[in-house]
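Each remark here refers to the structure printed beneath this line.
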Amino acid sequence: MITIFGVPLQALMGQLLIGLINGAFYALLSLGLAIIFGLLNVINFAHGALYTTGAFVAWFLLQYAGIGYWGALVISPLAVGLLGVVIERTMLKRLYGLDPLYGLLLTFGLALIIQGLFLNRFGSSGEPYAIPEALSGGLNLGFMFLPNYRAWVIGFSVVVCLATWFVIERTRLGSYLRAGTENPVLVQAFGINVPRMITLTYAFGVALAALAGVLAAPIYRVNPLMGSDLIIVVFAVVVIGGMGSIIGSIVTGFALGVVEGLTKVFYPEASNVVIFVIMAIVLLVKSAGLFGRTAQ
Amino acid sequence: MNTNATTAKSPHRPLTLRTLAQGQAIPILVMIGLFAVAPFVVYPVFLMKALCFALFACAFNLLLGYVGLVSFGHALFLGSAGYAAAHAAKVWGLPPELAILFGTAVATALGALVGAIAIRRQGIYLAMITLALAQMAYFFFLQAKFTGGEDGIQAVPRGRLFGLFDLREMMTLYFVVLAIFVGGFLLIYRAVHSPFGQVLKAIRENEPRAISLGYKPDHYKLIAFVLSAALSGLAGGTKAIVFQLASLTDVHWNTSGEVILMTLLGGLGTILGPVAGGVIVVALENYLPRLGVPVTVAEGVIFVVCVLMFRRGVIGELSRLLKRPM
Amino acid sequence: MFGGSVVKLVVVLSAMAGAARAEMTDNVIKIGVMNDQSGLYADLSGQGSVLAAKMAVADSGGKVDGTPVEVIFADHQNKADVGSNIARTWLDVDKVDVIVDVPTSSVALAVNEVVRSKNKVFLVSGAATSDLTGSKCSPNTIHWTYDNWSLANGTGKEVVKQGGDTWFFLTADYAFGHDLERNVSAVVKASGGKVLGAVRHPLNTGDFSSFLLQAQSSKAKIIGLANAGGDTINAIKAASEFGIIKGGQKLAGLLVFITDVHALGLPTAQGLQLTESFYWDRDDKTRAFSKRFADANKGREPSMVQAGVYSAVLHYLKAVKSLKNDADGKAVVAKMKEMPTDDPVFGKGTIRADGRKIHPMYLYEVKKPAESKKPWDYYKLVREIPAAEAFKPLNESECPLVKRT
């Protein structure tokens, strides 16, 4: 048995792979958060709750409409995106001139409402959601047995993240978005409907969260608390990667998932804390984060 | 009724009987009076919980309302003091006054540590650092043997205060807790209405100018942080003795969110606001479940409503109505 | 101070005045059912336990010598601080006389202390920690349905006997998990086996993949699941997803309820060995009781925890009737220990000085799908463990209440 630092290779590779899976969720969620923060300067505390909502929409679709996983992958983000439009139009819009603290508190309140409603209806252990037929079973990689579904999660997340990055960094729409972040007034003067862009950006960000929720449903069970513990870690990821930096959140998300997985092998008790330790260090050394722009 | 508009932004007002007689003395006395008679009408254990959280919220408000620093990890100070006091009372057999003091001391030390690290950054980054440090502490408490993990430290003895007062008697315990609360509250009042408080205000309103006048903001911020942490610790230590239990709930970030809610609801930057906020939130948590109303949803709705329409909070609005500072 | 002494005086006077007739505190006997109403243990306790308590009240005539009996309930959310607050409020303000059920050992331990300090009665059906009749035993508490020692003695011993001599534990990180792991480890080692390691997971873990991976790399023959409810279900599901069973390792569910088997389904759960003190299909008496229960519970058969609540409340009401008073918790419990128990759930039994209820335990194996004729027809009996052997011997108890001769 090969060992690295006294740990069997099998265990190491296994935990690394699981780390990548977790990293995929971190990346997707922090991507949405970073986009929202970049353009709206709002720290969307409701992101975790909307991720949970995405998973529940998938469950509802299966229970009551007979629409399975593949349909849910499309419908759930659209539905939650619509909800995002409503939230932005009715509530967030009123807070733009104020201290960003208020935006955070509002979204925190929204998170409590959403989570509370689900808790009330479903209880804290939630509902099971089956892995879609086409993705069940797995591959014996020798050092571990990799379920097909988990491989799909990694692959699909990478594709979505790269596609988003491409749109934002390499297309005209993306350039409007980036310009809007830097100087909304000027961009508006060019005839681009900035408020609508902002609304759509928020909707897109939360749609990404919902997509992550659908991906997560077969793995974690659809339960009301799935977002709340995740959101704190995702904040840490965004801060480390650089708030507002797209590539930063993607890379950091996957990287931190792997770091967490490695820590589980060598020092399991610290695996929950390691991300926060890194965040504290990064904040003290370079407050804008690893990929962020100049410090505020 | 003193309708002097400038008392709202009062200059240096020493805590003398004369200045007490004007300004905020009456609302404060009303509050203390209410708390003194309440236990004969309302379940004292509920009131004690409200008092502990009210003190916690007041301490938090010192930092947020008066200095303008947002901390997302304040539960760390509440909970760590609770664990420390519980451990001191149960395992070392210390009498309650020493156990609570020990808890406060632990929170103070942590406040100095966290504050020193956090104030090097501003705004949202400061908030994130406090969150990161609090989460690290949470997982430490989850793992450490002495905290008992999910079980918490149970069966914490109440003991005899100063060897004289048997804290197992409900009313004795209540008035001790009230005394602690009033003491902490007056300390905060004194700090805010003092030269120190004035400098803090100056830093919050225009930091570069305060620097140009020769003040070192970091010193002041750190002292405010430590003071806030210490009083949060006092609340936490007292709570552990009252409820004879120290658990993970008190160091979880949900509790950090709760104290923000209490302060916001009560009124940022008012002296009585956090007290009102603390009492209301504890009351909601106690009585809503009996009515079948989901507490989390109610708290969320209050957050949203307060942020959108009601930013001054209960006491803030009351203060505006009565045209006097509260 | 003053207020407390006045209350005490009033209680003493009213107790004295009521010597001849049945004089219950506040002229009502209030039973408080506290458990998990919405979380991972809600299926095995929850509203089902409330129903069981109400059935026991109805079977006792709904009153005790003219004093009405009320049942209230609350959700402790599996948190010790919430549970102890509810207990305190119930006993101080709501005049509750007895608290029953309380799954989640950390909450049970906290409630145990509150009830002890206020001299009321605590009848534990849901929690498992043997400490309730060990180091934390109390003259106000009776530990009813089962405990960790009996589970270790049942499932643990049997699995080792069948050749499972190397173990790795997946332990829920709180009082119950640690206690169960401790008990089973002792049994494994005493039977000549070895414990290769353990990993602690937080209560209510959704994703067991990384923990199971560690169990896999330990190469232990048996992966012991020292957890319960939703956690056990998730662990078993994940084990099947990650090919643990195919890889040759076996799972030992150390605390599995019939509600878990129902949630897992027979294809996944078949062959699992478990120890319970009650099965709805055991004999005619249990079948009759369970039919009444299921008819009022949407067709779901009772778990042993819910059945235990029925048995406990029934016996409590008998004791209170005989004593004609419910004010003194210690006295009621002493009476309950004095009277032998008899009910359709556990049959005939006794209650020991340390507060441990004694009855037989049963080792069951989950049927294959082909062997089951209808829903809830899940178990076949492997062995009945007689009452005398089922629980920790009294002379090994750490309970201070037990007199040593």
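Here, each number is a calculation from the coordinates, and none is a lab measurement. Computed from a prediction, not measured in an experiment: that's the story for all the values here. Here the Cβ is made from the backbone with ideal geometry for all residues, glycine too, and neighbour counts use every protein chain on show.
Of note:
- Put a dot 7 Å past the Cα of C:ASP92, heading toward its Cβ, do the same for C:SER322, and the two dots end up 3.4 nm apart.
- Candidates B:ALA85, B:ALA109, B:ALA75, ranked by Gaussian network fluctuation over chain B, Cα under 10 Å, top entry: B:ALA109
- Three-way shape call for chain C based on the alpha-carbon gyration tensor, with the a/c threshold at 1.5: prolate
- Bridge type composition, the protein assembly as shown - antiparallel percent by DSSP, nearest 5: 45 percent
- Counted residue by residue at 0.36 nm each, then reduced by the alpha carbon distance between them, the extension gain from A:PHE122 to A:PHE156 reaches 9.3 nm.
- Dipole magnitude for the protein assembly as shown: about 1400 debye, using +1 per Lys or Arg Cβ and -1 per Asp or Glu Cβ, origin at the Cα centre.
- Highest-fluctuation residue, A:GLU133, A:GLU88, A:GLU169 considered, GNM on chain A with Cα pairs under 10 Å: A:GLU133
- Distance between the modelled labels on B:ALA112 and A:THR90, one decimal in nanometres: 5.0 nm (7 Å Cα→Cβ projection).
- If R0 is taken as 56 Å, the Cβ-Cβ distance between C:ASP377 and B:LEU308 corresponds to a FRET efficiency of 0.50.
- Gyration tensor (alpha-carbon) shape descriptor, the protein assembly as shown, a/c threshold 1.5: oblate
- A straight Cα-to-Cα reach below 21 Å connects C:LYS30 with the lysines C:LYS8, C:LYS54, C:LYS63, C:LYS95, C:LYS118, C:LYS120, C:LYS318, C:LYS321, C:LYS324, C:LYS330, C:LYS335, C:LYS337, residues fewer than 8 places away in its own chain not being considered.
- Estimated distance in nm for a label pair at C:LYS291 and A:ALA270, the labels positioned 7 Å out from Cα along Cα-to-Cβ: 6.3 nm
- Net charge, B:GLU97 excluded, C-beta distance under 13 Å - Lys, Arg +1, Asp, Glu -1: +2
- Dipole of the protein assembly as shown, positive end: most advanced residue of B:PRO27, B:ASN206, B:ASN286 [Cβ charges, Cα centre]: B:ASN206
- Of all aspartates and glutamates in the structure, the ones whose alpha carbon falls short of 20 Å from that of C:LYS161, not counting any fewer than 8 places away in one chain, are C:GLU181, C:GLU276, C:GLU365, C:GLU384, C:GLU389.
- Amide H within-cut-off set for C:LYS30, under 5 Å, with H built and near neighbours excluded: C:GLU70, C:ASP97, C:VAL98
- Computed from the Cβ-Cβ distance with R0 of 35 Å, the FRET efficiency linking B:PHE146 to B:VAL293 stands at 0.40.
- Working ranking of peptides C:139-146, A:25-32, B:221-228, C:244-251 by packing, defined as the average number of other Cβ atoms within 10 Å per residue, highest first, is A:25-32, C:139-146, B:221-228, C:244-251.
- Anchor A:LYS264: lysines whose Cα lies under 19 Å away (excluding residues fewer than 8 positions away in-chain): C:LYS219
- Computed from phi, the 3J(HN,Hα) profile of segment C:91-98 under the Karplus parametrisation 6.51, -1.76, 1.60 (θ = phi - 60°) reads 6, 7, 9, 8, 6, 6, 9, 9 Hz, with x in place of Gly and Pro.
- Evaluating 6.51 cos²θ - 1.76 cosθ + 1.60 at θ = phi - 60° for every residue in segment B:212-224, the Karplus couplings come out as 5, 7, x, 8, 9, x, 4, 4, 5, 4, 5, 4, 4 Hz, glycine and proline recorded as x.
- Put simply, the amide H of A:LEU139, placed in the peptide plane, has neighbours under 5 Å in A:LEU146, A:ASN148, leaving out anything fewer than 5 places away on its chain.
- Among beta bridges identified by DSSP and lying wholly in chain C, the antiparallel ones come to about 35 percent.
- Table column - 3J(HN,Hα) (Hz), segment C:313-323, Karplus curve with 6.51, -1.76, 1.60, x for Gly and Pro: 5, 4, 5, 4, 5, 4, 5, 5, 4, 5, 7
- Helical mean residue ellipticity (222 nm; -39500 (n - 2.57) per DSSP H run of 4+; nearest 500) of chain A: -24500 deg cm²/dmol
- Residues A:LEU9 and C:GLN47, FRET efficiency given R0 of 56 Å [Cβ-Cβ distance, rounded to 0.05]: 0.65
- Cα gyration tensor category, rounded, prolate or oblate, for segment B:107-190 with a/c compared to 1.5: oblate
- Close amide H pairs (under 5 Å, H built 1.01 Å from N) link C:GLY126 with C:ASP101, C:VAL102, residues at least 5 positions away or on another chain.
- Gaussian network model of chain A, Cα within-10 Å springs - most flexible of A:THR252, A:THR199, A:THR53: A:THR199
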